[in-house]
Structures are given as C-alpha cells and as structure tokens.
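Below you'll find the structure, written out as structure tokens, and then a few comments.
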Amino acid sequence: MRVSPLWAYLGDLPEDKPVEARLVRSEVYDGYRLETLILELNGIESVPAYVALPAEAEAPYPIVLFNHSHGGNYDQGKRELIHSSPYLQQESFARTLTGMGYAVGCIDMWCFGERSGRTESETFKEMLWNGQVMWGMMLHDNLKFLDYLCGREDTEASQAAALGMSMGGLMAWWSAALDERIGVTADICGQVEARALIERRGLDHHGFYSYVPGLLKHTDTLDIQKRIAPRARISLTGRHDKLCPPEGVRRLDEGLRAVYAEQGYPDRWCSVVTSGGHAETAEMRETWKHFLAKHLRMEG
C-alpha cells in the first residue's frame, strides 16, 4: 500500500497487485543457498531476482533488501550481489550478509542485467512521455520485491533492512523514506543532497534515472530523509567523492542529527566519512556490518 505522500511526485505507477513468483533454480553457491527467480511486479515486464539464504542459520531470517549500483555497467545488475564490482569490497554482499544470518535479495532494475537491451535515456524519455517517472518505476519494483521477501515463510517481516552502493544507496534511503517496514538503512556513497549537487554543477555525474520532474518545487533531500527517523540509518561516504558533494553530506548530517536527537534516538543516526572517493572502503564494510548487527534484530 502506497501510504507516503512522496508517491505523489513519482509519476503514474502500475496497479498495486499481489506479486507472482516463479523459482527458476535453487543451488548451493559460494557457501550459501541461492535462488534464481522470475517475478511479476509491474504488469509490464518480468523481473529477474536473486535471493540468497544462510546455509547454517535457522529460519526465519531477518531480511536485507540489497540494491545494486549503476556504474554504467548495465550488464551487471543483480549479479553485483554475488560477484561484487570493482569499486566494492571483493567478498560478495551475498556471502557477507548470509554469513551474518540474513536473507538477502536483489532484483535487476529497469535497464540492468537481464532487463537490459535498451538505453537508460530511451527508457527515461518514453516513461516521461507516458506520465511515468523512471525513479518512481524503479522504486515501485523494489518495494513490490520487498512485499515478496516479507511474505516468504522463511523470513521475518518485522526485521528488514535496505542496503546499497551509489544508485543502490539512493535506492536504499528513498525506499526507507517510502516504506516503514524498512527498520534499518545503510547507504554507501549515496548521500546526495540535491542543492549541493546543483551548486557544484555536478548534475551530469548522475544518470537520468534519479531525476524526478518538479521534485524541488515540493520538497528537498533533507525533508525526504527525515521521514526515515527514528528508524536506524547509517550513511557512508568518501571525503573525495565528487558524486556526493561534501557540503551536502555535512548539511544532511547536521539536519538529521537534530531530528534524531529531538525524537530521542541519537544513536540511530550515523554519518561516516572515510578516506577515498566513490568506492566502498574496507573501513566502510566493517562499519556497516557492525551497524546492521547492532540494529537489525533490535526490537522497537
């Protein structure tokens, strides 16, 4: 159910129908169980997905909704969950997260992985003509996938997190702002404040996918992210990351620290700036793992 008023800015969306899922393959892969699925999420095109499950821990498992990055690598998509990417730590997210006892799932976003074949710009333009917003369509698919993950018998719907790098980081915090089922959010190199990006003339550092027509007439980045509070969130950026202007990271940190403090949960917001640029460092990997271990099973 689309409760958040933010949905009003995200264009015409598919009818909200129950998810249909078909299991293509189940196998033991790199020390965990890996399911390959085809999902019906939007009534337009089928959506390939992976779900990785712990080999040892007992169900029900807390859920991690993993959001793959962009990187201009349209062939990668959900494969990032099991194979990583050059700008990520090389132990896969699937192996790391299942090793922590979590069920983790990832879909191919529009134009990526097994949904590639036409360009992002073509897709964005066609959707715009039809009254759709590409980012809204991506968020729709992602949260319908969360419906599926929460409805499985082997998962714990009350314990769900969202995680991702770059485009996946944006997807993680936007998804949490839209859906209160996400109790923990970890975004890596995805803390992009719109006004700072404009001030830095950095708009072309990001693809078409994330631009929502008219958004800044109605809201701003801080107001969107405030909707996540007081749920737990960690945001990790590199100090030389041109895609996440540092003044924007600082402004968001100041605003969110105040919001979380006012609501009585200052320890549930954490902004971490490490060395490096637009990449997940070893320090980031260990920091978000510790944050998830602390908060994902937390009650209340």
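Could you grab the pairs with beta carbons closer than 7 Å, sequence gap of 6+ or different chains, first residue in the stretch 189-216 and under 21 Å from residue 120 (Cβ atoms), second one buried (at least 16 other Cβ atoms within 10 Å of the Cβ) and among the polar types (S, T, N, Q)?
So the pair list comes out as 189/166; 189/237; 190/166; 194/221.
Can you name the residue in the stretch 105-151 that is over 16 Å from residue 164 (Cα atoms) and among the polar types (S, T, N, Q) and is also surrounded by the fewest Cβ atoms within 10 Å (Cβ to Cβ) among such residues?
The residue in question is 130.
Can you pull out the residues in the stretch 110-153 that are in a loop (DSSP other than H, G, I, E, B), closer than 19 Å to residue 43 by Cβ and touching a strand residue (DSSP E or B) at 6+ places or on another chain (Cβ under 8 Å)?
131, 133
FYI, it's all coordinate maths here, none of it is from the lab. As the structure is a computational prediction, the values presented were derived from the model and not from experiment. Every residue, glycine among them, receives a Cβ derived from its backbone with ideal geometry; neighbour counts consider all protein chains shown.
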